[in-house]
Each structure stands twice: as structure tokens, then as C-alpha cells.
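Here's the structure, in C-alpha cells; my notes come after.
Taken together, the values in this text are just the output of simple stated rules run on the coordinates, not laboratory data. Bear in mind that the values here come from a model prediction, so they are computed numbers and not experimental data. Here the Cβ is made from the backbone with ideal geometry for all residues, glycine too, and neighbour counts use every protein chain on show.
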Amino acid sequence: MDLTALFKLSYGVYVICSKKGDKINGQTANAVMQISSEPPTIAISINKLNLTHEYIKESKVFSIAILAQETPLNFIGTFGFKSGRDIKKFDGVNFKLGTSQAPVLLDHALASIEAKVIKEVDAGTHTIFIGEITDAANLKPGEPMTYAYYHEVKRGTTPKTAATYVKVEQKPIAKGKYQCSVCGYIYDPEKGDPDSGTPAGTAFDDLPATWTCPVCGASKSQFEKLA
Ligand code: FE
């Protein structure tokens, strides 16, 4: 069985938000699908370990922000590789409280959808929440980011808690590459790091000490040399 076949499934990249009392949280996700149009319903798959899962269970509401193709990696990383238990994800981020009272992300979002949970399906590590759409809006024109674009062009990585995470055996890699021990991002000197303005051909050792992982924000010292 070759689970990398699953990489050919196509997805978007989204931030799903919810609330619990007056607390708010959000996380990146790609497992979002419309179920029906009459009434309009949508399904999301959320890892039971994630704080957003706890919030949706409690409040029975969630919002979905459909991210634009040009969304920076570190924005996706903040919502995807860090826990709302450790950081305030919404600091410095534009959002509003939607009609459902769930936070609706405005930065880098092409459109927003709000829903109230009408059914929960226990799927082992994840819960599939099926929601009836209660509000939806187009926020700005642009191309939505696809999961393939995130991986192939942005060279983003996938947290282990994602519904679509597939463990890939590490292949031997040319020397000079360093891997983030937090999120798995690989710094390739042949490609540099366009997000921080680091040109192709820059050796890892020549990156400034202040350089951080473009996906998750980990420090340079948290990178490990790949043999
Ligand atoms: Fe990282």
C-alpha cells in the first residue's frame, strides 16, 4: 500500500475558528467539504487533540476562512503549528465576531463561511463536524490557495494532527539542507527562502541568527542538519 497516493487528492487551505465562552481559537485545516445545498451544509474534520475541537464541541459553531494563494507561510504556520493553549493566535490578526459569534478571520481570507453543528461523527482520531451554513460572504477577489500549491510552490509542511497527514520515509537528501525539528520544513540552500528575502544559493550557516523557520517560526538553532 502506497499512502502517498493520497497526495493526489486535492484540497484547499483554510483556517477554522470557534469559540468557547469569550475565548476564541482557530487552526489551519484542509479537510473541508460541502455536503449539500438544500439546506447548505458543510463538513470539517478536526483532530480531537486540538483546542479548536474542544471549542466546537462546546459552542457548536465554527467559521471557515478560505485562504488566498499568496497567504504567507508564517501566517499558515501560526494557525497550523502552534497551539492556542500556548500562544494568542489572534494577536495582530484582523478578525471580526460573526453572526454565529465565532471569530471570522479577515486577513488573507477570500471568503468566510459560518455554520452551526447539526451532527458529529466520531472518526477515531478526528471528529467530523457537519454544520448547517448560517452565514457566508465574499471578502476579496483572488485565487484560493490549494493544498498542492501550498506543498509544491510554497513548500509548506503538514502537522501530524492534520486529517491529511501522511508519514513519508525520509529519503537521502543532498548535503547542505537543514530541517526544522518542529514542523519538518526543509531549508534548501539551492532555493533560499523567498519569504524572508534570502536568495537562492545562501548556505544555512550564512543565514542571520535572527532567521526563523518560514512555516512555524522556530529559531535557527532548532534546525538539524540532514546527512
Ligand atoms: Fe518549522
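Brief remarks on what is shown
- Debye-sum result for the stretch 84-204 in log10 I(q)/I(0), which assumes one identical scatterer on each alpha carbon, at q = 0.21 Å⁻¹: -1.40
- Additional length obtainable on full extension of the chain from Ile35 to Glu132, 0.36 nm per residue less Cα span: 34.0 nm
- Computed from the C-alpha gyration tensor, the three semi-axes of the ellipsoid equivalent to the stretch 20-80 are 20, 18, 10 Å, from longest to shortest.
- Once exposed loop GluC sites (Glu not before Pro) are cut out (DSSP; at most 14 other Cβ, 10 Å), longest piece of the chain: 71-168
- When only Cα pairs below 8 angstrom with a gap of at least 6 residues are kept, the chain shows a relative contact order of 21 percent.
- Normalised contact order of the stretch 126-227, rounded percent, pairs of Cα under 8 Å and 6 or more residues apart: 24
- Cβ-Cβ FRET estimate between Glu143 and Asp22, R0 fixed at 30 Å, reported to 0.05: 0.30
- Taking amide H as placed 1.01 Å from N in the peptide plane, the amide H of Phe95 sits under 5 Å from that of Leu106, each at least 5 places away or on another chain.
- When the charge dipole of the chain is built from unit charges on Cβ atoms (+1 for Lys and Arg, -1 for Asp and Glu) and taken about the Cα centre, the candidate among Ser37, Thr210, Ala137 whose Cα reaches farthest toward its positive end is Thr210.
- Cut-off under 5 Å, modelled amide H: who pairs with Tyr11 long-range: Tyr147, Ala148
- GNM flexibility winner over the chain from Gly131, Gly156, Gly142 (Cα, springs under 10 Å): Gly142
- Enclosing the Cα atoms of the chain in their convex hull gives a volume equal to 135 cubic angstrom per residue.
- Straight-line cross-link partners of Lys57 among the lysines, defined as a Cα under 22 Å from its Cα and at least 8 positions apart when in the same chain: Lys19, Lys20, Lys23, Lys48, Lys82, Lys88, Lys89, Lys96, Lys116, Lys119, Lys160.
- Estimated inter-spin distance, Leu9 and Gln101, nm [label 7 Å along Cα→Cβ]: 3.3
- In sequence order, the stretch 178-193 has phi-based couplings of 10, 10, 5, 6, 8, 10, x, 4, 10, 7, 10, x, 5, 10, x, 9 Hz under the Karplus curve 6.51 cos²θ - 1.76 cosθ + 1.60, θ = phi - 60°, and Gly or Pro positions carry x.
- The GNM of the chain, with springs linking C-alpha atoms under 10 angstrom apart, assigns the highest mean-square fluctuation among Asn50, Asn138, Asn25 to Asn138.
- Rounded to the nearest whole Hz, the Karplus-based 3J(HN,Hα) values (6.51 cos²θ - 1.76 cosθ + 1.60, θ = phi - 60°) of the stretch 75-81 follow the sequence 5, 5, x, 4, 7, x, 10, with x at glycine and proline.
- Two-site FRET efficiency, Glu224 against Lys191, from Cβ-Cβ distance with R₀ of 25 Å, rounded to 0.05: 0.85
- Net dipole in debye of the stretch 134-227 [+1 Lys, Arg Cβ; -1 Asp, Glu Cβ; about Cα centre; nearest 20]: 240
- Residue-wise HN-Hα coupling along the stretch 213-218, computed from phi with Karplus coefficients 6.51, -1.76, 1.60 (Hz; x: Gly, Pro): 4, x, 8, 10, x, 4
- Near the amide H of Ile35, within less than 5 Å, lie the amide hydrogens of Thr41, Ile42, Ala43, all on another chain or at least 5 residues away, with H placed in the peptide plane.
- About its Cα centre, the dipole of the chain is roughly 440 debye, where the only charges are +1 on Lys and Arg Cβ and -1 on Asp and Glu Cβ.
- Cβ-Cβ FRET estimate between Met1 and Lys160, R0 fixed at 25 Å, reported to 0.05: 0.80
- Comparing mean-square fluctuations of Pro199, Pro214, Pro144 from a GNM of the chain with C-alpha springs under 10 Å, the top value falls on Pro199.
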